[in-house]
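Structure record follows, encoded as structure tokens.
The numbers here are math on the coordinates, done by the rules we state, and not lab data. All values reported here derive from a predicted model rather than from experimental measurement. So basically every Cβ, Gly included, is an ideal-geometry build from the backbone, and we count neighbours across all protein chains shown.
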Amino acid sequence: MAKKVKKKELGAGLKALLSNIDTNIEEPSAEVVRELSNTVAFIPVSQISVNPYQPRKEFSEDALQELSESLKTHGLIQPITVRRLDDSHYELISGERRLRASKLAGLEQIPAYIRIANDQEMMEMALVENIQREQLNAIEVAITYQRLLDEFELTHETLAERVGKNRSSITNYLRLLKLPLDVQRALKARLISMGHARALAGVDNIILLNAFFKQTIDNNLSVRALEKLISDSKEPAPPKPTKTALPEDYQAVENRLKQHLEAKVELKLKSKGKGTIVIHFDSDDTLNDLLDKIEE
């Protein structure tokens, strides 16, 4: 029978591996990164600090308590992910819910993957993991996108590539941050969907926006119903001005000019007998032909 690896031995082995690593190295060797990516260490919970870039801000206390009861029986099966700051200090990259529940359960050590990451990479990894698990609400995603743009001076295109989204998706999320706080709170509480929020974000008039939002909540409108409500409220485009009919004798003059010049001619009247004659041409050759006919 294969010898079972004890937690203490596995942790000590990884500690030995890490002892030769300089945390200031910006580009660790591929061998080190590969070794860390496939190694699970058991780290004291007391040595793990929370991720300051954690995009997820809200945790259900009931769900945490339920998970902690499970951990008391089975332990933490899925490792968290951290980055090493020094020999006795690690910073969480992802798995804050599991870390909180482990503390509630009174666990002294938990399994963890150790990564070498800078601040930007930490935020990106935490964001991508939460998005993949669909744990973040849309406002949390939007706030994290905005932080990545502001703090690391990324463009929308670069950010889209880093988090595996298209550029329009990034833009749509960022527009949510311009919505009134009441709308943002409703989106976070999932009283409205991302589709509702996107429709409301397209309304420039704040009074109308709030009215549409209230109707959506009061009447439990679907996204399609809200979009129709917004569409129906838009003022129709002003009709194009119609051309004033020329008096009969002026119309006759316009027709004679068209026939003689073989071109589009417009006779326009103003007040007190004034007016203009507009002759259209589409090339230099046409213009020369017109000039010849006029000179005749």
Practice item. Beyond 27 Å between alpha-carbons counts as too far, so tell me which of K214/K234; K178/K214; K234/K264; K72/K188; K188/K228 fall in that bin. Key: K234/K264; K72/K188
**Study point:** Low-density loop positions, GluC sites (Glu not before Pro), region 187-286 - DSSP coil, at most 15 other Cβ in 10 Å
**Key:** E262
Check your understanding: Taking θ as phi - 60°, what are the ³J(HN,Hα) couplings along region 65-82 by the Karplus curve (6.51, -1.76, 1.60), each to the nearest whole Hz, with x for Gly and Pro?
Key -> 5, 5, 5, 5, 5, 5, 5, 4, 8, 10, x, 7, 8, 8, x, 7, 10, 9
Study note, to complete from the structure: So, with points 7 Å from each Cα along the Cβ direction, the F152-S193 label distance in nm works out to 3.1 nm
Review point. Taking square-rooted eigenvalues a ≥ b ≥ c of the alpha carbon gyration tensor, is region 248-290 rounded, prolate or oblate, where a/c under 1.5 means rounded and, failing that, a/b exceeding b/c means prolate?
Key: oblate
Exercise for review: Kindly provide the GluC sites (Glu not before Pro) of region 149-185 that DSSP labels as loop, not H, G, I, E or B, and whose Cβ sees at most 11 other Cβ atoms within 10 Å.
Suggested key: E153
Revision key, fill the gap. Quick calc: nm separation of the 7 Å Cα→Cβ label points for S283 and S222 -> 5.6 nm
Review point. Percent relative contact order of region 248-290, based on C-alpha pairs within less than 8 angstrom and at least six residues apart?
Key: 28 percent
**Study point:** Ranked Y250, Y145, Y90, Y113, criterion: other C-beta atoms within 10 Å, fewest first
**Key:** Y250, Y113, Y90, Y145
Review point. Which trypsin sites (Lys or Arg not before Pro) in region 135-221 pass both tests, a DSSP loop state and at most 16 other beta-carbon atoms within 10 Å?
Key: R190
